[in-house]
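> One structure follows; several queries about it will come next.
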Amino acid sequence: VSTPLTDYTVTLAAFIPAGLTNILSNGVARGESKESLAAKTYGALMVSVACSLLIVVVLNVWPEQLLTALHTPPAVMATAVEYTRIRSLAMPAAYLTAASYAVLVA
């Protein structure tokens, strides 16, 4: 039950790499300066960090409520809460990996 909860949060941020690839590709095609492209990349990476830290907080502060909304059986609730908290710590890496990949694709 915890896996969909943590995996779906990464899917929520799919707009970051999709948008970043488009923004950088258009910038390269228009001949924008390296400084301009670097600023856009830095901005997107900072948005990724901010979103991921927000998700870390939400998944660590309210895991019981989120898992209850997903109808987690009481017999596995304690384990699901612990697993959710552990998986949440990887959110910054997941978000930054997705955004960094978008930079490489562009």
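Residues checked against (1) in a helix (DSSP H, G or I); (2) β-branched (Val, Ile, Thr); (3) within 13 Å of the chain's Cα centre (by Cα):
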residue: Thr3; (1), (2), (3): yes, yes, no
residue: Ser36; (1), (2), (3): yes, no, no
residue: Thr41; (1), (2), (3): yes, yes, no
residue: Val57; (1), (2), (3): yes, yes, yes
residue: Thr68; (1), (2), (3): yes, yes, no
residue: His71; (1), (2), (3): no, no, no
residue: Ala75; (1), (2), (3): yes, no, no
residue: Tyr83; (1), (2), (3): yes, no, no
residue: Arg87; (1), (2), (3): yes, no, yes
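> Just to check your reading of the model, which residue among Leu5, Leu53 is in contact (Cβ under 8 Å) with a residue 12 or more places away in the chain, surrounded by fewer than 18 Cβ atoms within 10 Å (Cβ to Cβ) and under 20 Å from Thr84 (Cβ atoms)?
Numbers: Leu5 fails: surrounded by fewer than 18 Cβ atoms within 10 Å (Cβ to Cβ).
On inspection, the qualifying residue turns out to be Leu53.
> In the range 10-25, is there at least one residue being loosely packed, with under 12 Cβ neighbours inside 10 Å and polar (S, T, N, Q)?
yes
> I'm trying to understand the selection: among the residues of the range 56-67, which are surrounded by 13 or more Cβ atoms within 10 Å (Cβ to Cβ) and of a type in the set (Val, Ile, Thr)?
Passing the criteria: Val56, Val58.
> Is there any pair with a first residue in the range 64-89 that is closer than 24 Å to Ser52 by Cβ and a second that is outside any helix (DSSP H, G or I) and polar (S, T, N, Q) whose Cβ atoms are under 8 Å apart and which are 6 or more apart or on different chains, and what are they?
Once the first residue is closer than 24 Å to Ser52 by Cβ and sits in the range 64-89, its partners that are outside any helix (DSSP H, G or I) and polar (S, T, N, Q) give Ala80/Thr72.
Where a number appears in this text, it was derived from the coordinates with a stated rule and is not lab data. Not measured: the values here are computed from a predicted model. So basically every Cβ, Gly included, is an ideal-geometry build from the backbone, and we count neighbours across all protein chains shown.
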